[in-house]
Each structure stands twice: as structure tokens, then as C-alpha cells.
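Working notes, beginning with the structure itself.
The values are calculated or read from the model by the stated rules, or taken from the named source; none is laboratory data. In this text, all values refer to a predicted model and were calculated from it rather than measured experimentally. So basically every Cβ, Gly included, is an ideal-geometry build from the backbone, and we count neighbours across all protein chains shown.
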Amino acid sequence: MKVTDIKTYIVANPPPHFGGLYWIFLKLTTADNLTGYGEVYSVPFHPHVVARMIEDVCDRYVLGADPFKVERLWRIIYSSGYTQRPDPSLLGILSGIEMACWDIIGKALNKPIYELMGGQVHAKLRSYTYLYPTETDLTNVYHDPELAAIRAAEYAQKGFTAVKFDPVGPYSAFDPRQLSLEALDHTETFVKTVREAVGGRCDLLLGTHGQMTPASAIRLARRLEKYDPLWFEEPTPPENPAAMAQVARQTSIPIATGERLTTKYEFAKVLETQAASILQMALGRVGGILEGKKIAGMAEAFYAQIAPHLYCGPIAAAADIQLATCSPNFLIQESIQTWGGFHAEILKEPLVWQDGYIIPPTQPGLGVELNEEVAARYPYTGSQLHLEMLDRPV
């Protein structure tokens with residue numbers, strides 16, 4: 001079997017943009033007309049530049065290659081240009097390619113990917129969602145604790161058993177910082193108000209983004225422990241796991257990290273330093289599905305759990321679901337609400353969510369198919385990147 005064609009799709013995610021401003025998909029086609037889809041997550045270049053980067057890598061290494069030889073292809077691309085290190089741009093591209101190869105493999109063997117990686121462990125996958133704004137909101141759900149509490153109670157009523165929110169405020173290119181007393185008070189009030197609204201029905205997931213120094217994160221954690229959050233996410237920047245481990249040693253709240261990390265090599269440092277007990281690999285960035293499975297396997301030896309990150313499109317979500325389904329140490333999966341809206345429209349058949357859980361697909365490969373006609377109707381013409389940080393100190 002040989003790959004004979006590569007096609008990219010840069011799709012604008014229409015308002016309200018939940019999951020980012022745009023999504024980058026690719027399709028590999030083999031000589032016997034099997035197709036596989038992948039998704040590339042948040043490479044820090046304009047998406048049309050990323051499309052050219054994907055095509056360049058595929059022209060060099062993928063066209064003419066056997067998609068079954070995932071390990072061999074992974075090592076060759078990972079070593080491209082004498083890099084052989086966790087470069088997030090190359091790894092994002094490699095992740096999408098690897099994902100598409102597994103989609104082809106599953107279709108060729110008529111099996112879901114999870115059946116080829118140890119077999120199904122979980123019949124359904126617990127999921128959580130962010131607290132998202134609505135068109136009728138009069139205030140900002142990310143700043144208004146009372147509105148956040150209302151929204152959290154609504155999600156709990158729908159069946160969610162966990163909700164996530166970012167109570168610390170904006171993140172900046174000049175972080176980490178020591179939070180002010182005002183910011184500490186606001187964050188504590190936010191968490192307290194949401195906890196009172198949902199009681200014991202929902203776990204609370206604190207989504208910070210490396211905004212704090214270890215000292216500041218410890219100060220905040222001590223205020224929040226009494227509200228029993230399930231996790232404290234990325235309390236310090238991801239580049240220094242030893243600093244994050246300082247926080248982990250000083251709080252009873254589990255530390256989660258991983259959305260900005262790539263490869264087993266970076267996650268090994270997190271586990272070795274005991275910086276986090278919950279790993280949030282983003283399969284569109286980390287190196288793909290098999291790399292995610294290797295990281296999940298390493299985590300098992302440390303009694304750490306996985307909670308795959310997802311703030312992009314539904315192809316990467318489908319990959320997360322495949323990994324989660326076959327991983328014994330799976331904890332919870334990030335959802336974009338209940339997978340309706342454009343996340344459903346861009347697929348031929350939407351992901352299935354029921355009463356707080358994702359139901360793994362039984363179709364072969366990733367179990368989903370990109371609706372290419374819909375993708376063609378929504379080209380991205382903007383200039384912004386998928387996510388941006390403030391360009392000034394907070």
C-alpha cells in the first residue's frame with residue numbers, strides 16, 4: 001500500500017468560534033483509493049503557511065510511503081532537517097499525518113483504531129466542557145462569577161459531571177507573574193460561587209495557562225483547596241516541569257498539564273519530576289495517536305491519568321476518543337459542549353454524546369469522515385492565529 005496524494009483544508013470556524021478561529025485538516029489517499037483524515041493543532045504560523053509546510057513534509061517523506069509503517073515514518077519525519085527534538089511546529093504536522101495513516105490502517109482492516117491498540121477498555125467516556133458564553137449574556141461568563149455559576153448549573157442539568165473555567169484572567173507573553181490580592185480574591189470568589197451552584201454534581205477544573213510563578217500558584221492553591229477542584233491546570237509555564245513540581249508538592253489539588261507539550265520525551269520529564277498526575281496531551285500536536293498511547297503507557301507506571309486536551313476541530317477529537325477508549329488510565333475527555341454546531345456540521349456523521357459521556361464509534365479508522373463540501377464553503381481568510389497571548393504584561 002502506498003500514499004499517492006495529499007490534500008489540505010484550512011477551515012474557518014464560524015461564530016461563536018468555540019474550538020478556535022480555524023481548523024487545519026489533511027487527507028491522505030492511497031493507490032487503492034483508501035483515504036485517511038488528520039488534524040494539525042495550533043502551529044504558530046499562519047494556517048496557509050502551515051498548509052505549505054504540510055505539503056512540503058508530505059512531498060519529501062509521505063508520498064510513496066506505506067501508511068502501515070507508522071513507526072518508521074514517524075522517526076524519519078521527526079528527524080527531518082537533523083532536528084530530532086520536540087519541535088511543536090514539525091510535531092503538529094507529523095501528528096496530522098500520523099493520525100491520517102491510522103485512519104487508513106483502520107479502514108483497511110475494517111477496525112476502529114482502538115481495537116488495533118490493545119482493544120476497547122471503556123464503553124463510554126466521561127467528558128467535560130468549558131463554560132461558554134451565549135448570545136444573550138449581558139456580562140462576560142469568564143469574568144462574572146454569578147453568570148458562570150448559572151452556566152455551570154445548566155451544564156450539570158444536561159448531564160455533565162465536570163466543568164472547566166479560567167478564573168485567573170488573561171494570559172500574557174510576559175508571564176509568569178505574581179497574582180495581585182485583587183486577582184486572588186476574584187479567583188477564590190469565582191470558584192466558591194461555581195461550587196455552591198453545582199454542589200457535588202460536578203467536578204471543578206481550574207484552567208490556568210502558565211500565568212503564575214510557583215510562589216503565586218501555591219498561594220492561590222491554598223485558597224482553593226477547600227473547594228476540592230479535580231485539577232489545577234498548568235499553574236506555571238510548561239517549559240520547566242521542575243518549577244511546576246514545586247506547586248504539586250505544596251497542594252492537595254492534582255496538577256494537570258500537557259496541552260503545549262510534544263512527544264514522550266517532554267512528558268517523561270513531567271512524570272520524572274512528579275510535576276503533574278494528570279496528563280493532557282493534544283493529539284494534533286503531541287506526535288499523533290501512537291505517541292499518545294506511549295505517553296499513556298508511561299503514565300500508568302506512575303499511576304498518573306490522561307485527560308486528552310481538545311480545543312480545535314472534531315478530527316482531533318475523534319483521535320482523542322480512539323486513544324481514550326483503549327487506555328486503562330483514562331480519566332476524562334475535553335468536549336466542546338455536546339459536539340453540536342459546526343463541530344457536527346463539518347462531519348458526515350457527528351460525534352455521539354449522551355448524558356455526560358462520549359460514545360466511542362464502532363466504524364473503522366477514526367470513525368468519522370470530514371464533510372469536504374462543508375469544508376470548502378468555509379475558507380479561512382483572516383490574519384489571526386488560532387490562539388494569541390497578550391503582547392503586554394498583565
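Going by what's in this entry, would Gly313 be described as under 23 Å from Pro14 (Cα atoms), at pLDDT 95 or above and not assigned by TED's automatic domain parsing to the domain that holds Leu73?
Numbers: under 23 Å from Pro14 (Cα atoms): yes; at pLDDT 95 or above: yes; not assigned by TED's automatic domain parsing to the domain that holds Leu73: yes.
The answer is yes for Gly313.
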Exercise for the section: Considering only residues that are β-branched (Val, Ile, Thr) and part of a loop (DSSP other than H, G, I, E, B), look in segment 113-172 and name the one that is surrounded by the most Cβ atoms within 10 Å (Cβ to Cβ). Expected result: Val168
Practice task
Please find, among Leu261, Leu220, Leu204, Leu224, the residue that is modelled with pLDDT of 95 or more, in a strand (DSSP E or B) and at negative phi.
Solution key: Leu204
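Yes/no per residue for (1) surrounded by fewer than 24 Cβ atoms within 10 Å (Cβ to Cβ); (2) under 18 Å from Asn329 (Cα atoms); (3) hydroxyl-bearing (Ser, Thr, Tyr):
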| site | (1), (2), (3) |
| --- | --- |
| Gln250 | yes, no, no |
| Ala268 | yes, yes, no |
| Glu272 | yes, yes, no |
| Ser277 | yes, yes, yes |
| Leu283 | no, yes, no |
Practice task
Identify the single condition in (1) over 18 Å from the mean Cα position of the chain (by Cα); (2) in a loop (DSSP other than H, G, I, E, B); (3) more than 20 Å from Gly119 (Cα to Cα) that Glu373 does not satisfy, given that it satisfies every other one.
Solution key: (2)
Completion exercise
Contact list, first residue from segment 250-270 and in contact (Cβ under 8 Å) with a residue 40 or more places away in the chain, second anywhere and among the aliphatic types (A, V, I, L, M) and part of a helix (DSSP H, G or I), beta-carbon distance below 6 Å, six or more apart or interchain, is Ile253/Ala221; Thr262/Leu91
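For segment 173-188, what are the residues that are surrounded by fewer than 14 Cβ atoms within 10 Å (Cβ to Cβ) and farther than 28 Å from Asp391 by Cβ?
Initially, segment 173-188 is screened for residues surrounded by fewer than 14 Cβ atoms within 10 Å (Cβ to Cβ), giving 173-174, 178, 180-182, 185.
Matches in segment 173-188: none.
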Exercise for the section: Among residues belonging to segment 43-78 that are in a helix (DSSP H, G or I) and among the basic types (Lys, Arg), point out the one that is nearest to Ile10 (Cα to Cα). Expected result: Arg52
Problem - Qualifying residues in segment 271-293 (those that are closer than 19 Å to Ser327 by Cα and of a type in the set (Val, Ile, Thr)) - the one nearest to the chain's Cα centre (by Cα) - result: Val286
Handout entry: Output for segment 365-384, where each listed residue is of a type in the set (Asp, Glu) and touching a residue at least 12 places away in the same chain (Cβ under 8 Å)
Key = Glu369, Glu372
Completion exercise
Residue pairs within 6 Å by beta carbon, gap of at least six or interchain, first lying in segment 174-191 and more than 20 Å from Val141 (Cβ to Cβ), second polar (S, T, N, Q), listed first then second, are Asp175/Gln211; Pro176/Thr213; Pro176/Thr236; Gln178/Thr213; Gln178/Ser216; Leu179/Ser216
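One line per residue, one yes/no per condition, for (1) over 18 Å from Ala304 (Cα atoms); (2) small (Gly, Ala, Ser); (3) within 25 Å of the chain's Cα centre (by Cα):
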site: Ala217; (1), (2), (3): yes, yes, yes
site: Ala243; (1), (2), (3): yes, yes, yes
site: Gly258; (1), (2), (3): no, yes, yes
site: Thr262; (1), (2), (3): no, no, yes
Practice task
Look through Pro314, Pro308 and report the one residue that is farther than 21 Å from Gly210 by Cβ and out of contact with any Pro (no Cβ under 6 Å at 6 or more places or on another chain).
Solution key: Pro314
